[in-house]
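Have a look at the structure below, then the notes.
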Number of protein chains: 2
Amino acid sequence: MNRINQLFHTKYPIVQAGMIWCSGWRLASAVSNAGALGLIGAGSMYPQVLREHIVKCKAATQHPFGVNIPLLYPDIEKLMEIVVEEGVKIVFTSAGNPASWTRILKERGIERVVHVVSSAKFAKKAEDAGCDAIVAEGFEAGGHNGREETTTFCLLPSVTGTVKIPVLAAGGIASGAAMLAAFALGAEGVQVGSRFVASIESSAHDLFKQKVTSLNEGETQLTLKELTPVRMIKNEFFREVEAAYAEKISKEELAKLLGRGRAKRGMFEGNMEEGELEIGQIAATIRNILSASEIIEQMIDEFYEAKKKVSLISFTSSNFQ
Amino acid sequence: MNRINQLFHTKYPIVQAGMIWCSGWRLASAVSNAGALGLIGAGSMYPQVLREHIVKCKAATQHPFGVNIPLLYPDIEKLMEIVVEEGVKIVFTSAGNPASWTRILKERGIERVVHVVSSAKFAKKAEDAGCDAIVAEGFEAGGHNGREETTTFCLLPSVTGTVKIPVLAAGGIASGAAMLAAFALGAEGVQVGSRFVASIESSAHDLFKQKVTSLNEGETQLTLKELTPVRMIKNEFFREVEAAYAEKISKEELAKLLGRGRAKRGMFEGNMEEGELEIGQIAATIRNILSASEIIEQMIDEFYEAKKKVSLISFTSSNFQ
């Protein structure tokens, strides 16, 4: 029995990542209806917008879904009030200290709290804080990342060797083969972001979806480490940031250059050059826009196919000289 | 039948990476005697030193072994002459264009030529140049890396989807579980570096081996991108490099700061602060110094154990609500 399926009452241990401007009620409910766990990404939502998405998600699925809340969000108290009031049962927290919210959420009726980490050290903190599972997110992931740059291949053995609660792997996972690889490294589930950006139900702008499905290797880079590290597509805005770094820009000037609403302008409004476009390295392997249910079915098919393939491996019949 | 075992007449599709100051004839022959493929790392050797290592390696093992030669090496012509004269049958090339040497080596009697790449684009070039296999090396690897920072999780599906020749995964692999993960992502073999640095037969200084086996997450970083990108331990020399970057040092000044013999001073002579210490991120999970044969046996045991574990995974008996 898979512990992630047990925790979330899902059919498949796949979680759709909460992603700003991409994962509203439409994507989250489609994922949950397909047997995985959908998350509403609260990071880009004003409190009343989040409430609206939760209400619509409840109407659109009978299955469990969750909300991802970055703990650095200024309206954090208000967002937490709303998830409690609306009876959300699953909350994923990220970008902050899990000790500050996990117990409070549990006391207020949130049944499952999961924290996103990028190191074994923070995985331990999350476990100690009472989290039910953790997401171990590697350097290759889109969105916000750790400063230590530990990749999924290296992070998973560290984290699964450190905590007893189940670990969801994130970063680099857009196929069932990658899901199997994550399981080989000790994960019991996966959190998938980029693949769901390129879904029919994603609220990303069509131009962003097209951009994501035409990216090549090396066309994203982790940057803005002085603010919050984020993996971005190398567009005009990225080049402005690079030029600013070359001029030894201060942290304050960098924040000013980023300004407000950059991510919205890019991912939601479709400005591919001036916007901040967040996506994972694995986008270089994503070539089509599918429905959420097609993505999940395909991943599960690929998972079993890869499992069958590796099950046949044996090194006994070699021509060792 | 595993294609890597077929190519190299090995028992296990594990290649010990050619690593400067760590992999001489002692390590290479021990690895080959244990059923994997040992490589002499020519990158740190003067031509006559390389010849000596090849001669000793031939005396120490009846099994196939190879030589790794970085193509940017100034004495490259001389090194190639020596591998041909000494009847070496397997050459791994890296850090350069595979088109310049692959055919020449084959014409001169080298049976197997393998090239190390960090992108699908160069994997294709290596295949077109006539290489028998490629090593796909991710961002997390120690030593010299690509500028594009593609991680093993993302690089493997790209590369295995691009070339028909077999792919060896490198970067982040120090266990049999990681080996299985690499196979799930399409690799047919693995190249292992850091784990063999911490071997009894490695020629690394004992202080370096101890350093490697006590590293924590986040204690290495890819740097010196303007020269040749290299993943280094964050020691005093690394901090000097960081300080120099903060002062906008020129490429020439950077080369001067690096100077000559930095890597030797650190990895071979044991100066842990002034030396350049190259190692992969996965060192954070390596905690003991074993013999080469113990490392290989352990990896194979872990591989079968992980294979058995994933073979039991099924998502049919869930409590989907």
Could you tell me, in Å, what Rg and Dmax come out for the Cα atoms of the protein assembly as shown?
24.6, 78
Can you sort B:196, A:153, B:303, A:320 from fewest to most other Cβ atoms within 10 Å of each residue's own Cβ?
A:320, B:303, B:196, A:153
Expected max-MSF residue from A:60, A:133, A:204 in the GNM of chain A (alpha carbon, under 10 Å) is A:60
What pairs from A:234/B:248; A:89/A:121; A:251/B:234; B:125/B:164; A:211/B:164; B:209/B:234 go past 19 Å between their alpha carbons?
A:234/B:248; A:89/A:121; A:251/B:234; A:211/B:164
If we hang a label 7 Å off Cα along the beta carbon direction at residue A:239, how far is it from the matching labels on the other copies, in nm, shortest first?
3.8
Based only on Cα atoms, what mean projected area does the convex hull of chain B have, in nm²?
17.8
Separation of alpha-carbon centers, the range A:57-83 and the range B:34-55, rounded to whole Å
59
Reachable aspartates and glutamates from residue A:78, Cα under 18 Å, same-chain residues fewer than 8 places away excluded?
A:52, A:86, A:107
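Mind sorting A:94, B:311 by how few other Cβ atoms lie within 10 Å of their own Cβ, fewest first?
On the way: A:94 23, B:311 12.
In increasing order of surrounding Cβ atoms, one gets B:311, A:94.
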Got a sec to turn the phi values of the range B:255-271 into Karplus ³J(HN,Hα) couplings, 6.51 cos²θ - 1.76 cosθ + 1.60 with θ = phi - 60°, whole Hz, x for Gly and Pro?
4, 5, 4, 4, x, 9, x, 4, 5, 4, 4, x, 6, 9, 9, x, 7
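Write down the Å³ per residue value for the convex hull defined by the alpha carbon atoms of the range B:24-78. Before the final figure, lay out each step's value.
Values: hull volume 3.6 nm³, N = 55.
Spelled out: Cα convex hull of the range B:24-78, divided by residues, is 66 Å³.
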Quick one: A:69, B:20, fewest Cβ neighbours within 10 Å first, how do they rank?
B:20, A:69
Residue-wise, which Karplus ³J(HN,Hα) couplings in Hz belong to the range A:157-171, taking 6.51 cos²θ - 1.76 cosθ + 1.60, θ = phi - 60°, and x for glycine or proline?
x, 4, 6, 5, x, 9, 10, 9, 5, x, 10, 9, 8, 9, x
Starting from the Cα of residue B:273, step 7 Å along the direction of its Cβ; do the same at residue B:89; then give the gap between the two resulting points in nm.
4.9
Note, the range A:34-47: 3J(HN,Hα) by Karplus (6.51, -1.76, 1.60, θ = phi - 60°), whole Hz, Gly/Pro = x, goes 8, x, 9, 9, x, 10, 7, x, 7, x, 9, 10, 5, x
Skipping prolines and chain starts, which residues have an amide H placed within reach, meaning under 5 Å, of the one on residue A:40, given they are 5 or more residues away or on another chain?
A:66, A:67, A:68
Given H placed on each backbone N at 1.01 Å, which residues far from residue A:116 in sequence or on other chains put an amide H within less than 5 Å of it?
A:93, A:94, A:95, A:135
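Just how large is the dipole of the range B:206-268 about the Cα centre, in debye to the nearest 20, putting +1 at every Lys and Arg Cβ and -1 at every Asp and Glu Cβ? Before the final figure, lay out the partial values.
Details: 13 positive and 10 negative charges, 58 e Å.
Dipole of the range B:206-268, to the nearest 20 debye: 280 debye.
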Per q in 0.16, 0.27 Å⁻¹, report the Debye log10 I(q)/I(0) for the range B:207-288, using one uniform scatterer on each alpha carbon and no solvent.
-0.57, -1.38
The range A:219-288 versus the range B:181-212: alpha-carbon centroid distance in Å:
35
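In µm²/s, what is D for the range A:154-311 at 37 °C and 0.692 mPa s, where D = kT/(6 pi eta Rh) by Stokes-Einstein and Rh is the Kirkwood radius from Cα pairs?
Values: Rh = 17.1 Å.
Diffusion coefficient, whole number: 192 µm²/s.
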Setting aside same-chain residues fewer than 8 positions from residue B:264, which aspartates and glutamates have a Cα under 15 Å from its Cα?
B:206, B:273, B:274, B:276, B:278
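Where a number appears in this text, it was derived from the coordinates with a stated rule and is not lab data. Predicted model, so just to flag it, every value in this text is computed and none were measured. In this analysis, Cβ positions are derived from the backbone assuming ideal geometry, glycine residues included, and neighbour counts consider all displayed protein chains.
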